[in-house]
Amino acid sequence: MKIICLSCGHKVDLGDAYDDYAGPVKCVACRAVLEIVTGTGNLRSLALPREVARGAPSAAADAPDA
Ligand SMILES: [Zn+2]
């Protein structure tokens, strides 16, 4: 099972133990925690729950105090 880190784009090789798994995995490159769901060797879901991916498309990302 290999996934692409949503944070840094690194290809993370999780090995066969993750072919049927649901839960967090840590990117070895940037240490972001990805939430994955796999089944029978296929990736079903991949998310980056700790990253705030929503919001305004521009200019709102660096608000010092919200
Ligand atoms: Zn990463």
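Per-structure values
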read-out: Sequence-distant residues sharing a close amide H with residue 10 (under 5 Å, placed H); value: 5
read-out: Prolate/oblate/rounded label for the stretch 2-47 (Cα gyration tensor, a/c 1.5); value: prolate
read-out: Rounded to whole Hz, the Karplus (6.51, -1.76, 1.60) HN-Hα couplings of the stretch 17-27, x for glycine and proline; value: 5, 9, 6, 9, 8, 9, x, x, 9, 9, 5
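Every read-out reported here was derived from the displayed coordinates using simple, explicitly stated rules and does not represent laboratory data. Please read all numbers here as calculations on a predicted model, not as lab measurements.
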